[in-house]
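The values are calculated or read from the model by the stated rules, or taken from the named source; none is laboratory data. Source: prediction; values computed, not measured. All Cβ positions, even for glycine, are placed from backbone atoms using ideal geometry, and neighbour counts span all protein chains on display. Heads up: the accessible areas ignore ligands, DNA and RNA and are worked out on the full protein's heavy atoms, side chains in. Shrake-Rupley method; radii C 1.70, N 1.55, O 1.52, S 1.80 Å.
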Amino acid sequence: MENITLGQNGPSVTPLCIGTWAWGDKLFWNYGDRYGPEQLQEAFTAALEAGITFFDTAEIYGMGKSEEFLGQFLQQTQQPVQIATKFGPVPWRFTAQSVSDALTASLKRLQLERIALYQVHWPFAFFLSQETLMNALADEVKRGRIAAVGVSNYSAEQMRDAHQILAARGVPLAVNQVRYSLLSRQIESKGVIATARELGVTILAYSPLAQGLLTGKYSINNAETPTGARKIDPQFKKEGLQKIAPVISLLRSFAEKYDRTPAQVALNWLIAQGNVIPIAGVKTAEQVRQNAGALGWRLSDDEIGELELVSRPWL
């Protein structure tokens, strides 16, 4: 498994990241119903056993619970683990001190003195200017509390602005975390991926399996229905499932060839884009082992091209 450097000179991390939005989140993921702390501990252990040591969280996930769980689990291992978390620029945070305070609170929940990556969760910062925000993050790099700075959901232009402010302080922008999958390729058509390559910014791809659509678990002929907020998502309705059928069919055919699952093929396609790290959300050890099956092999260039072609309606 070849590690990837975040940005130009950030920490070296595994080519797959474990997403922990569901860790403590009741609203979207029904935490406490069919999975709890025990399952999360097993998932964490399974990730380390599979050689995946990069985890993504946020202060807002489970209202701090996700960070707390990671903090507890980190105490039980000697293995080096890289943690990425996020700052939420909400209206009442409008000073550099509020950025520092939020980081202090996250580090406390994670029981860490320093994290690999600190990201701005969304581009709209209300009364906090990007200038103040990026300079506050650069200060924290100098203080040694964060190894690398990232943003999330930033457009090509917003990413360029953030990169410029940080560069003036001698700090590279390491990451832009965006929605990216075979069924969500807008970052290609909107120039985000091209700008990231130009600036040396790594793409962290969230929702790489399109909320489970790319697992092949949901189809017109399948009685399986999604849980939580996905129940009302039109993509999971009959018309939505009909539209994605050609993509799922091709994923299944490659999965059969490589003795993998459609999900593993979908993740492998993202990794093959280069400088892209999928964040696979998990709740159980079995899900971790499934996602780990995306590593250690590679689709051929022709197969990557075929998947690119069939998923063009989502550009």
Any hit, the range 72-87, residues being modelled with pLDDT of 95 or more, more than 28 Å from E2 (Cβ to Cβ) and in contact with a His (Cβ under 7 Å, 6 or more places away or on another chain): yes
Just one of S66, S12 is among the polar types (S, T, N, Q), over 20 Å from G293 (Cβ atoms) and surrounded by 19 or more Cβ atoms within 10 Å (Cβ to Cβ); which is it? S66
The helices (runs of 4 or more DSSP H) lying entirely within the range 248-315 that contain at least 1 residues which are of a type in the set (D, E), open to solvent by less than 30 Å² (accessible area, probe 1.4 Å) and at pLDDT 95 or above are 301-310
Going by the conditions given, is L112 part of a loop (DSSP other than H, G, I, E, B) and out of contact with any strand residue (DSSP E or B) (no Cβ under 9 Å at 6 or more places or on another chain)? no
Could you figure out which of (1) open to solvent by 10 Å² or more (accessible area, probe 1.4 Å); (2) under 15 Å from L241 (Cα atoms) isn't true of Y206? (2)
Restricting attention to the range 232-247, which residues are open to solvent by 40 Å² or more (accessible area, probe 1.4 Å) and in a helix (DSSP H, G or I)? I232, P234, Q235, K238, E239, Q242, K243, A245, P246
Tell me the residue from Q119, Q39, Q79 that is of a type in the set (S, T, N, Q), open to solvent by less than 10 Å² (accessible area, probe 1.4 Å) and in contact with a Ser or Thr (Cβ under 7 Å, 6 or more places away or on another chain), please. Q119
